[in-house]
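Below is one structure, written out as structure tokens; the observations come after it.
The values are calculated or read from the model by the stated rules, or taken from the named source; none is laboratory data. The shown structure was predicted, so the numbers you read here are calculated from the model rather than taken from an experiment. Ideal geometry is used to build each Cβ from the backbone, glycine not excepted, and the neighbour counts take in all protein chains shown.
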Amino acid sequence: MKRLGGNKIFKRASLGLLAAFSLIAAGFAAFSFTRESARPTQEVGAAASSSAIVLNSSSTLSPSLSGNYTYAYHTVSGVSATQFWLNYCKKKTGAFCQASILNNGFVGNTEALDEHYYSISVTAKLSGTYNYMSTYPTYLLVKGATSFSTDPYNEYSNLYTSVALTTSYQTFTINSSSVVSDTYFIVGSYCYYWSSLPDVIISNITFNYRTLTSITLDGADSIGFANEGTVYDYAVTGHYSDGSTADITKLATVTSSLVNTMKLGVQTMSVSYGGFTASKDVRVTNVNAVVGKTIPAAIYTDASFTNVNGLTTTASLDGKTVNFSTPGTLTTGSWDIAATPRYSGDEYNNFGSDGYWQIGAAGSSYTTVTFTSRDIWVNMTRFEFYAYGSSSYWTSFSGSVEGYIGSWHMTAIDLPTAATKIYENLATNPQTGHISLTFTINSDRPFFMSNFQITTEGGTAQYFTPTEQANATRDFIQQYKTCPGGVSDEVVARCALEYNAMDVTLTEGGSTGKAIFKALTETVNDYDYSDASQYLNGSYTGGTASLAGVKIYDKLTTMVKWYNKNHSTKIYLYDDSTYTLTDNNGTNGYLPVFIDQAGHIVTPTSTVSATSMTLIIVAASGVLTLLAIAGIYLVSKKKKARKE
């Protein structure tokens with residue numbers, strides 16, 4: 001599931017779309033929405049464009065296998081260029097490969113496979129017999145994990161153990177209930193005997209996929225203005241040929257612009273996956289928008305980094321947004337990455353089981369990597385993390401880290417070669433704003449980091465200002481025409497609702513958002529209601545919108561007056577209270593209607609503009625007079641003075 005919304009400590013969180021969005025500014029394990037803009041982070045697995053991934057004697061490997069055992073990554077052509085790791089494997093005519101039992105030979109993937117297969121099948125046999133074969137049989141072994149490891153035999157979980165292998169081919173099937181959501185696998189073998197063992201000949205490995213038939217995007221239909229105080233969950237669901245469904249939120253790609261939560265109105269979110277697209281209209285509204293929240297002092301921690309965003313080990317990090325643990329109440333939130341690889345097109349990262357994130361490797365390292373947090377509005381009193389660089393026998397590590405915590409400069413320090421806590425104590429100089437860390441690596445070696453922790457004093461958030469809400473409401477209303485001939489009833493009701501729902505608890509310069517709104521003029525030209533060539537009888541007759549400086553409140557009330565003229569159910573406006581409806585059940589609502597100079601409710605006609613009508617009331621002494629003046633019928637009666 002993608003979650004839209006910001007961590008409580010973030011002043012400007014993102015609101016974008018999809019995967020587990022929680023009370024933090026989630027990146028893509030989730031989509032996140034932001035006040036203005038945000039980058040959804042997502043690493044897309046191999047799309048299930050075919051019904052299966054098949055590795056067999058017809059598979060072309062690059063580099064190709066030889067008659068000697070190899071320990072290398074191989075690209076398999078025709079399988080989405082997916083890389084597989086062949087450990088202690090060699091060429092075998094008529095089969096995919098031959099793997100050493102004695103040396104733990106295996107075939108495994110180095111790039112995450114799409115989660116939505118329903119079975120794995122393996123056809124294998126022994127290359128020959130051996131002593132004590134019946135006492136110490138050899139078994140086919142399948143292990144899996146949700147993240148890649150360079151030590152899969154020890155770190156992957158056992159998913160399947162076959163019956164004893166023989167010198168005849170047997171096919172073994174591991175169904176989806178066993179593989180669950182694992183995306184990394186190895187196919188190998190084991191035997192308790194240790195002498196003169198043969199090899200396992202693997203004829204075929206097949207990952208069977210369901211056929212994707214469509215995708216859907218589901219979640220909240222509307223979100224509050226500024227979207228700082230509430231979390232909105234969105235999910236992308238895959239629908240398959242066998243009638244099953246699966247959550248593919250992490251795998252989907254956002255193809256539309258992000259939802260701007262500072263802009264009222266309907267915006268469309270679109271996602272794609274596996275050749276299919278899905279869209280959803282989301283309305284940003286003043287209704288029930290959270291104005292602010294008081295946050296207690298707290299410690300926000302990602303104690304152990306996990307691959308929440310599903311990054312592949314060879315993913316390009318530049319431009320990614322990541323979370324270091326599953327989005328929740330007290331994580332450090334989303335971090336944007338800017339990375340420069342030492343060798344273009346050759347990158348590596350890996351989330352280890354020890355909770356450290358390895359960034360780079362020998363031959364796939366980086367020169368600089370910068371991490372930038374979301375904008376943190378509460379006072380930070382301490383920031384800490386663990387980091388170190390890795391040396392080898394041939395190459396020593398050289399690198400440093402420096403950064404900013406708000407305006408506080410964290411001076412550069414050399415990275416040690418053992419896990420070390422690095423921190424800044426800001427108790428006497430609390431900071432707000434972004435945290436930015438830049439790692440500079442001077443050698444072709446990786447560095448590791450883990451355990452981010454932000455300590456805050458707490459405080460009270462104000463998620464938007466009265467002026468921001470007033471401007472957004474003005475911008476929403478001014479995009480529509482004013483009269484029944486140019487705007488729908490639904491739009492008029494929505495414009496009135498957005499005005500009514502504006503907050504009145506906050507003030508700016510002594511004025512509420514509604515008071516500020518009433519003083520605003522349109523930023524675009526409008527039609528001149530007093531010009532009969534442009535506007536007549538509630539219709540636009542021609543010309544262009546040529547009048548500048550129209551008061552937006554006058555426009556809104558005119559729209560509502562026309563609506564009330566044509567409907568028995570009336571729209572009420574609320575100038576000094578917040579009300580999330582348009583009926584007369586709120587506090588201090590009033591009914592906008594056309595009235596004459598004497599205060600009578602009147603009906604504009606086809607020959608008089610609603611905003612410029614001049615009414616003449618004539619009374620004849622002692623008689624009942626019916627006057628037709630400018631098409632408006634008025635009745636007036638005057639009594640004679642009674643004689644005593």
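Criterion first (over 15 Å from Ile477 (Cα atoms), free of Cβ contacts under 8 Å to residues at least 24 places away in the same chain and out of contact with any helix residue (DSSP H, G or I) (no Cβ under 7 Å at 6 or more places or on another chain)) does Ser539 satisfy it?
No: the conditions fail for Ser539.
Consider Val560 carefully, then state whether it is in contact with an Asp or Glu (Cβ under 6 Å, 6 or more places away or on another chain) and either at pLDDT 95 or above or β-branched (Val, Ile, Thr) (or both).
no
If I filter segment 75-111 down to residues being outside any strand (DSSP E or B) and of a type in the set (S, T, N, Q), which single residue comes out as modelled with the lowest pLDDT?
Per the stated criteria, the residue is Ser80.
Listed here are the residues, each with its yes/no results for (1) among the hydrophobic types (A, V, I, L, M, F, W, C); (2) in contact with a helix residue (DSSP H, G or I) (Cβ under 7 Å, 6 or more places away or on another chain).
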position	(1), (2)
Thr455	no, no
Tyr463	no, no
Gln469	no, yes
Thr473	no, yes
Tyr480	no, yes
Val504	yes, yes
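Restricting to segment 282-319, name every residue that is within 28 Å of Thr268 (Cα to Cα), modelled with pLDDT under 90 and surrounded by 18 or more Cβ atoms within 10 Å (Cβ to Cβ).
Val291, Val308, Asn309, Gly310, Leu311
If you go through segment 416-442, how many residues are over 30 Å from Ser392 (Cβ atoms), of a type in the set (A, V, I, L, M) and surrounded by fewer than 18 Cβ atoms within 10 Å (Cβ to Cβ)?
1
Quick one: count up the residues across segment 213-241 that are among the polar types (S, T, N, Q), at pLDDT 90 or above and closer than 23 Å to Asp475 by Cα.
Matching residues across segment 213-241 total 1.
Just wondering, is there one or more residues in segment 473-484 that are within 17 Å of Thr507 (Cβ to Cβ) and either part of a helix (DSSP H, G or I) or at pLDDT 95 or above (or both)?
Yes.
Exactly one of (1) touching a residue at least 60 places away in the same chain (Cβ under 8 Å); (2) at negative phi; (3) out of contact with any Lys or Arg (no Cβ under 9 Å at 6 or more places or on another chain) is unmet by Thr237. Its number?
(1)
Have a look at Ile454, Ile413 and point out the one that is part of a strand (DSSP E or B) and surrounded by fewer than 18 Cβ atoms within 10 Å (Cβ to Cβ).
After ruling out the rest, the residue left standing is Ile413.
Can you find, within segment 332-355, the residue that is nearest to the chain's Cα centre (by Cα) among those that are more than 21 Å from Ala112 (Cβ to Cβ) and assigned to a loop (DSSP other than H, G, I, E, B)?
Per the criteria, the residue is Gly333.
I'm trying to understand the selection: among the residues of segment 134-154, which are part of a loop (DSSP other than H, G, I, E, B) and either without any contact (Cβ under 8 Å) to a residue 60 or more places away in the chain or basic (Lys, Arg) (or both)?
Selection gives Ser134, Thr135, Tyr136, Pro137, Asp151.
Kindly indicate which of Ser353, Ser391, Ser400, Ser373 is within 29 Å of Thr326 (Cβ to Cβ), of a type in the set (Gly, Ala, Ser), surrounded by fewer than 18 Cβ atoms within 10 Å (Cβ to Cβ) and not assigned by TED's automatic domain parsing to the domain that holds Pro152.
Only one candidate qualifies: Ser353.
So which pairs qualify, if the first residue must be in segment 50-74 and within 26 Å of Tyr273 (Cα to Cα) and assigned to a loop (DSSP other than H, G, I, E, B), the second must be among the aliphatic types (A, V, I, L, M) and modelled with pLDDT of 90 or more, the Cβ gap must be under 8 Å, and the two must be at least 6 apart or on different chains?
none
Condition check ((1) surrounded by 16 or more Cβ atoms within 10 Å (Cβ to Cβ); (2) out of contact with any His (no Cβ under 7 Å at 6 or more places or on another chain); (3) assigned to a strand (DSSP E or B); (4) among the basic types (Lys, Arg)) across all residues:
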residue: Thr213; (1), (2), (3), (4): no, no, yes, no
residue: Leu217; (1), (2), (3), (4): yes, yes, yes, no
residue: Ile223; (1), (2), (3), (4): yes, yes, yes, no
residue: Asn227; (1), (2), (3), (4): yes, yes, no, no
residue: Gly238; (1), (2), (3), (4): yes, no, yes, no
residue: Asp242; (1), (2), (3), (4): no, yes, no, no
residue: Ala246; (1), (2), (3), (4): yes, no, yes, no
residue: Lys250; (1), (2), (3), (4): yes, yes, no, yes
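Return the residues of segment 555-579 that are surrounded by 16 or more Cβ atoms within 10 Å (Cβ to Cβ) and of a type in the set (D, E, K, R); say none if nothing qualifies.
Lys555, Lys561, Lys565, Lys570, Asp575
Might you let me know whether segment 508-527 holds any residue that is part of a loop (DSSP other than H, G, I, E, B), within 14 Å of Thr558 (Cα to Cα), in the same structural domain as Ser577 (by TED's automatic domain parsing) and at pLDDT below 95?
yes
Give Asp554, Asp596 a once-over and let me know the one that is under 27 Å from Thr507 (Cβ atoms) and either at pLDDT below 90 or assigned by TED's automatic domain parsing to the domain that holds Pro484 (or both).
Asp554
In segment 377-419, what residues are small (Gly, Ala, Ser) and farther than 16 Å from Met449 by Cβ?
Ser391, Ser392, Ser396, Ser398, Gly406, Ser407
For the structure I just gave you, tell me whether Asn131 is surrounded by fewer than 15 Cβ atoms within 10 Å (Cβ to Cβ) and over 41 Å from the mean Cα position of the chain (by Cα).
yes
Looking only at segment 528-554, count how many residues are buried (at least 21 other Cβ atoms within 10 Å of the Cβ) and part of a helix (DSSP H, G or I).
The number of residues fulfilling the criteria is 1.
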